[in-house]
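**Q** Sharing a structure here in structure tokens format.
The values are calculated or read from the model by the stated rules, or taken from the named source; none is laboratory data. Model, not experiment: these values are computed from the prediction. FYI the Cβ positions are ideal-geometry reconstructions off the backbone, even for glycines, and counts take in every protein chain you see. Areas reflect the complete protein model, heavy atoms only, side chains present, ligands, DNA and RNA absent. Shrake-Rupley method; radii C 1.70, N 1.55, O 1.52, S 1.80 Å.
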Amino acid sequence: MNTYSLIAILTIGVASNLDNAGVGIAYGVRKIRIPWYSNLTIAVISFLATLLSGLFGNLISLWIEPWIGQAIGTTVIVAVGIWVLLQPFREKNAAAPAPPAQSGNFTRYLSNPEEADRDSSKSISLTEAVLLGIALAMNALAGGFNAGVTHLNVWLTSLSVGIFSFILLALCSLFGERYAAEKLGDRATIISGVLLILIGLHQIV
């Protein structure tokens, strides 16, 4: 494995999980606990999402020319990066959100993480962790697919995503509880979007 591949794998791992940083801080500020087993559940979901999308990308790459796979991978990850980048601005300009009971959108948990704590127990249960994990795994799908069609090591990429998911959520929850740095949430989302775009653009240079 060359240096670029290793850097790309680590960058995808970080970029796919920077939403975890924002969510972790939001939970820390609100004193909502994330037990290790719930955090592990979220990390496993991110790992599996990356792996499945990566294997799908690998399958597609068998039937198309390498440059087409490169173009598809770049387009997908840049598009997701732009979408992630625009989220904070869309949320600020959006009308008042519908009550939680009327929303089935998993991404709602990213802008209102406390809604994942459905029983208001101030602790994320395994069931709640599955819902939150699905929402947080959205970026991982793009990273895994990109790794698959551009022939990065899908297993290492998935492992990178899973490890960074666990670490960032745990550390940022602790950071939020101790320092109440609420504003980092939007910044983390913006950084995540920028990193995904840079990964995509670097692949066509």
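**Q** Could we say that ILE64 is among the hydrophobic types (A, V, I, L, M, F, W, C) and surrounded by fewer than 23 Cβ atoms within 10 Å (Cβ to Cβ) here? Spell out how you get there, then give the answer.
**A** Working: among the hydrophobic types (A, V, I, L, M, F, W, C): yes; surrounded by fewer than 23 Cβ atoms within 10 Å (Cβ to Cβ): yes.
Yes.
**Q** A further question on this structure: Got a number for residues in segment 150-205 being at pLDDT below 65, polar (S, T, N, Q) and under 23 Å from ALA43 (Cα atoms)?
**A** Of the residues in segment 150-205, 2 are at pLDDT below 65, polar (S, T, N, Q) and under 23 Å from ALA43 (Cα atoms).
**Q** Which residues, taken from segment 16-47, are of a type outside the set (Ser, Thr, Tyr) and under 16 Å from LEU152 (Cα atoms)? Give the derivation first.
**A** Restricting attention to segment 16-47, the residues satisfying the condition of being of a type outside the set (Ser, Thr, Tyr) are 17-26, 28-36, 39-40, 42-45, 47.
Scanning segment 16-47 gives a single hit, PHE47.
**Q** Could you list, in sequence order, all residues of segment 99-137 that are modelled with pLDDT under 80 and under 15 Å from the mean Cα position of the chain (by Cα)?
**A** PHE106, THR107, ARG108, TYR109, LEU110, SER111, PRO113
**Q** Could you count how many residues in segment 131-153 are part of a helix (DSSP H, G or I), open to solvent by less than 10 Å² (accessible area, probe 1.4 Å) and hydrophobic (A, V, I, L, M, F, W, C)? First the steps, then the outcome.
**A** From segment 131-153, those part of a helix (DSSP H, G or I) are 131-136, 138-149; that's our starting set.
The next check asks that each one be open to solvent by less than 10 Å² (accessible area, probe 1.4 Å); those that pass are 132-133, 135-136, 139-140, 142-144, 146-149.
Subset that is hydrophobic (A, V, I, L, M, F, W, C): 132, 135-136, 140, 142, 147, 149.
Of the residues in that region, 7 qualify.
**Q** Please enumerate the residues belonging to segment 10-47 that are open to solvent by less than 10 Å² (accessible area, probe 1.4 Å) and closer than 19 Å to GLY144 by Cα.
**A** Hits for segment 10-47 are ILE12, GLY13, ALA15, SER16, ASN17, ASN20, ILE42, ALA43, SER46.
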